[in-house]
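These notes are about the structure you will find just below.
The values are calculated or read from the model by the stated rules, or taken from the named source; none is laboratory data. From a predicted model like this one, the values you see are computed outputs, not experimental measurements. Glycine also receives a Cβ, built like all others from the backbone with ideal geometry; neighbour counts cover every protein chain displayed.
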Amino acid sequence: MVKDFKELIRPKFNAEPDQLCLIFAGKIMNDSDNMLQHNVKDGLTIHLVVRVAPRTPETGSQRPPADISATPFQLGNLGGLAGLAQMGMGSANFMDIQNQMQNELLSNPTMLRGLLDNPLVQQLMNNPEVMRTLITRNPQMQELIER
C-alpha cells in the first residue's frame, strides 16, 4: 500500500505521512492505492513532494502591520530608486516616460528591431487575442477602424 510506503520513508524526510505526496507516471498516488495497481516496478522512478508542515498559531509573536507608506532607505517618492532621476525617469508623469521611450525607439532602428525580435514580443504578436485587445483599446487604432 502507498500509505505503508510513506510510513517507511517518512523518517528520512522528517515529515508526517500526510505531508508526503508520491507521484508516479504523472499521477498522484493515493494512500489507499496499491503499488502494483500503478504498475510500479524495480528501476522506475517515483517522485516525492514534501508539503510544508502546517503552522501552529503562536501567541504573542504577531508582527506589527507593515507601513506601506514608508519607502526603502527614506529616499522619497521613488521608493528608494534614486538612480532613476539621473536616467530621466524622475518624472511622476507616466506619459512623459512613455513619450521618451517612444522617441528613442523611433529614432533608433536597431533598438526597435531588437525589441521586435525579442521572444516575448514575438509570442505576444503571434497571439491573436492579445493583438485584438491591443488594437481595440488603442484610441488611434479605433480612429483608423472607424474611417
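General remarks:
- Of residues in the stretch 19-47 being touching a residue at least 24 places away in the same chain (Cβ under 8 Å) and acidic (Asp, Glu), the one surrounded by the fewest Cβ atoms within 10 Å (Cβ to Cβ): Asp31
- All conditions but one from (1) at pLDDT 85 or above; (2) surrounded by 10 or more Cβ atoms within 10 Å (Cβ to Cβ); (3) among the charged types (D, E, K, R) apply to Arg51; the one that does not is (1).
- Flag for Ser107 being assigned by TED's automatic domain parsing to the domain that holds Met125, at pLDDT 85 or above and surrounded by fewer than 10 Cβ atoms within 10 Å (Cβ to Cβ): yes
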